[in-house]
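Encoded as C-alpha cells, the structure appears first; notes follow it.
The values are calculated or read from the model by the stated rules, or taken from the named source; none is laboratory data. All values derive from a computational prediction rather than experimental measurement. Glycine also receives a Cβ, built like all others from the backbone with ideal geometry; neighbour counts cover every protein chain displayed.
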Protein chains: 2
Amino acid sequence: MTPPEILISEVGPRDGLQSVQATMPTADKLRWIDALVAAGLREIEVGSFVPARLLPQMADVAEVVRHALTHPGITVMALAPNLRGAEAALAAGVHKVTLPVSASAAHSLANVRKTREAMVEEVRAVAQLRDAQAPGVLVEVGLSTAFGCTIQGTVAEDDVIWLAGLCAEAGADEVGLSDTTGMANPAQVRRLFTRLRAELGAKAGAAHMHNTRGLGLANCLAAYDVGVRTFDASLGGLGGCPYAPGASGNVVTEDLVFMFEAMDITTGVDLERLMAARAPLQAGLPGEPIYGMTPEAGLPKGWTKA
Amino acid sequence: MTPPEILISEVGPRDGLQSVQATMPTADKLRWIDALVAAGLREIEVGSFVPARLLPQMADVAEVVRHALTHPGITVMALAPNLRGAEAALAAGVHKVTLPVSASAAHSLANVRKTREAMVEEVRAVAQLRDAQAPGVLVEVGLSTAFGCTIQGTVAEDDVIWLAGLCAEAGADEVGLSDTTGMANPAQVRRLFTRLRAELGAKAGAAHMHNTRGLGLANCLAAYDVGVRTFDASLGGLGGCPYAPGASGNVVTEDLVFMFEAMDITTGVDLERLMAARAPLQAGLPGEPIYGMTPEAGLPKGWTKA
C-alpha cells in the first residue's frame, strides 16, 4: 500500500462522546477504539481531561488513554481545557495534548471565561510543563471559531493569524483552525490556511471542519488544495447531526475518507473496516443516531481501494 | 448588485418532479416557478416532453412552458429524450432543449434502448430540426453517467470526451457532464472538465452533480476551479434524499447558492427568497420530504449578501 499522504485525526471518542447525553461504557469505548485502529486510523483523540462532575462521559479518560497506548504506532491524543487538565493528560501518558483557544474574543469569554491572551498564557504554561516533564509529547492548539462566531459574527482573519502566531510562540507544536460554527467557506479556508502556513511553517496544523451548512467536505478539499495534510473528522458524525442545525456537525470520517481515497489521495484507512467500526460505536450508544452518506449509499461499483 | 459570475440552472421542476411519485398540480407548478424566478434564478428546466402515459407528472409540460415564458429574461428549458420530444418542446416555445446521452454504453442501452452512437444521431436530428424551425433555440446535451455507472462500473474518461466531441459536432450548443450515479470525486471532476473545455471550448457546458456520497458541493467547487460557470441544482434536493441511497440525490440549490455566495462568487440569487420558494414546492407536494442544510441551519450571523 502507498504510504498515507494525509492524516485523518479521529475525534469521535472525544468530540463526539462529550457532545451526546449518554455515557458510553468504558468497555465499549475500548472496543470502539480498537476498531478505529483496525481500520487504519493513526491518530485518535480519545477523551477530554475535564472534571467528571462537568463531563461524566469523560470520567474514565485515563483508563481509555492507557488502553489506547497499548496499540503501537498510533498517536493517542486528548483534549485539556487548561493547565490542570494537561497535567492529568501528561500523567496519563498521552502522545499529544490539544488545547482549545477561541479566535473570537466573545466566544473565549463565553466558553472558558478567559480572554484570548490569558489562554495563550495557559498554552505557554502547558508547553513549559511538557518541556519539564514529558519532552516528547506534542502540544496542539485548535483555534476555535476561526471562521466565524455565533456570538460576535465575523472573526477578523488578522485576529486568527495573530493569535496563531502567539500560540506557536508560546510553545505550541501545531496550531490548527476549527470551523466550530459551520460558517467557513472554501475561499476563506484557502486564504486562512495559506496565511497560517506562511506564518507558522511546519507548525501550521489541522483543518477541523463542520458540515453545518453542507460545506464540510468542500472546505476540506479547499484546505487540501493549499497544503493542509491533517483533517479532523468524527466517525458517524457523532456528536450531533452533521446535516442539521444546533449540532456539533463534525465532518463524517467515512465520507471524508471516501472523498480522498476516491481522489487517489491515500489515507491509510480501509473504508470497509472503517464502516465496520460503526457497529461498536452503536453498540455502546444504543439509540444514538449516527450519520454518513457513504455508509448509507455504499461504496460504488468497482471500488478497489484498500 | 454585482452581475452574476455563475449560472445556477434549477432542475427541480423537471428532474425533481419526475422522480417523485406524486404529481404536482399545474397551478402549484406555476406558483413554484414564479417563486424561483422571484429568487433570481435565470434558467429553469421546467419539465420533460415525454408521453404522459410514461410520466403523468409531466402531462402539463406545454402549459408550464407557456407560463414560464411570460417571465422576461429567464431561459426556459425542457428535457426531451428524443426527436419526437424535441419537436413538441420546440412547438411549445422553449428557449433551450436538453437531451440526455449516456456516456456509459451499458447505461445507454438500459436507459433509452439505444447505443450511444444512435443517441448522437438523435442529437443531430434535433439540431437540424432546430436549424429549420427555431434557429434561436439552444440544444444542450447532458452526458449522464459521465463519472461512473452503476451497471458497468468505471466509464473511461476517453469515452466521455469522445462522445462529448461527437455531440458537439452533431450540432449541440452545449455539452455538460452529469454525475448521475454519485460516483464523481473532485480530482476526476477537475480532469474531465479540463479536458472537456480543451476539447469543446465555448460548447463545454454545465456540471450536474449529485450528493449521493456527500461530495456534491466539493465536486461543484472542483468544477468551478477549472472554469465551469453553470451548475445544475434542485430546490430542496427534490427528487429523492440527497443524503441517502437510491435517490436522485441532486445537489440542493440552497446549499450550492450558499457556498458560492459565501465565497463572494455572485449567483444573482437571493438566498432568503430562494428559501421562501420552498413553501410553494411543499404546498404542491404535501408530505414529500425536502432537504437542505442551509435552510435547516439558517444563514450565519452577519449574513449580508443580497
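What the table shows:
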{"item": "Selection count, the range B:106-119, where residues are assigned to a helix (DSSP H, G or I) and modelled with pLDDT under 95", "result": "7"}
{"item": "Some residue of the range B:295-303 being in a helix (DSSP H, G or I) and not hydrophobic (A, V, I, L, M, F, W, C)", "result": "yes"}
{"item": "Per-region count, the range B:104-137, residues over 21 Å from the mean Cα position of the chain (by Cα) and among the polar types (S, T, N, Q)", "result": "3"}
{"item": "Pair list, Cβ < 8 Å and 6+ apart or interchain, from the range B:193-211 residues that are closer than 14 Å to B:Cys167 by Cβ to residues that are assigned to a strand (DSSP E or B) and of a type in the set (D, E, K, R)", "result": "B:Lys203/B:Glu174; B:Ala204/B:Glu174; B:Gly205/B:Glu140; B:Gly205/B:Glu174; B:Ala206/B:Glu140; B:Ala206/B:Glu174; B:Ala206/B:Asp232"}
{"item": "Residue under evaluation B:Gly227, criteria (1) more than 14 Å from chain A (Cβ to nearest Cβ); (2) touching a residue at least 40 places away in the same chain (Cβ under 8 Å); (3) not β-branched (Val, Ile, Thr), criterion not met", "result": "(2)"}
{"item": "Single residue of B:Ala78, B:Ala88 found to be on the phi < 0 side of the Ramachandran plot and either among the aromatic types (Phe, Trp, Tyr) or within 19 Å of the chain's Cα centre (by Cα) (or both)", "result": "B:Ala78"}
{"item": "Residue in the range A:210-229 that is part of a loop (DSSP other than H, G, I, E, B), among the basic types (Lys, Arg), within 29 Å of B:Ala297 (Cα to Cα) and modelled with pLDDT of 95 or more present", "result": "yes"}
{"item": "Breaking point among (1) touching a Ser or Thr at 6+ places or on another chain (Cβ under 8 Å); (2) under 25 Å from B:Ala233 (Cα atoms); (3) not in a loop (DSSP other than H, G, I, E, B), for B:Leu163", "result": "(1)"}
{"item": "Close pairs (6 angstrom Cβ cut-off, 6 or more residues apart or separate chains): at positive phi in the range A:155-172, part of a helix (DSSP H, G or I) anywhere", "result": "A:Gly171/A:Arg124; A:Gly171/A:Ala127"}
{"item": "Of residues in the range A:188-224 being β-branched (Val, Ile, Thr) and under 20 Å from A:Asp255 (Cα atoms), the one farthest from the other protein chains (Cβ to nearest Cβ)", "result": "A:Val189"}
{"item": "Matching residues, the range B:153-187, being within 14 Å of another protein chain (Cβ to nearest Cβ) and among the hydroxyl-bearing types (Ser, Thr, Tyr)", "result": "B:Thr154, B:Thr180, B:Thr181"}
{"item": "Selection from the range B:144-167 of residues that are modelled with pLDDT of 95 or more, more than 20 Å from A:Met263 (Cα to Cα) and surrounded by fewer than 22 Cβ atoms within 10 Å (Cβ to Cβ)", "result": "B:Trp162, B:Gly165, B:Leu166"}
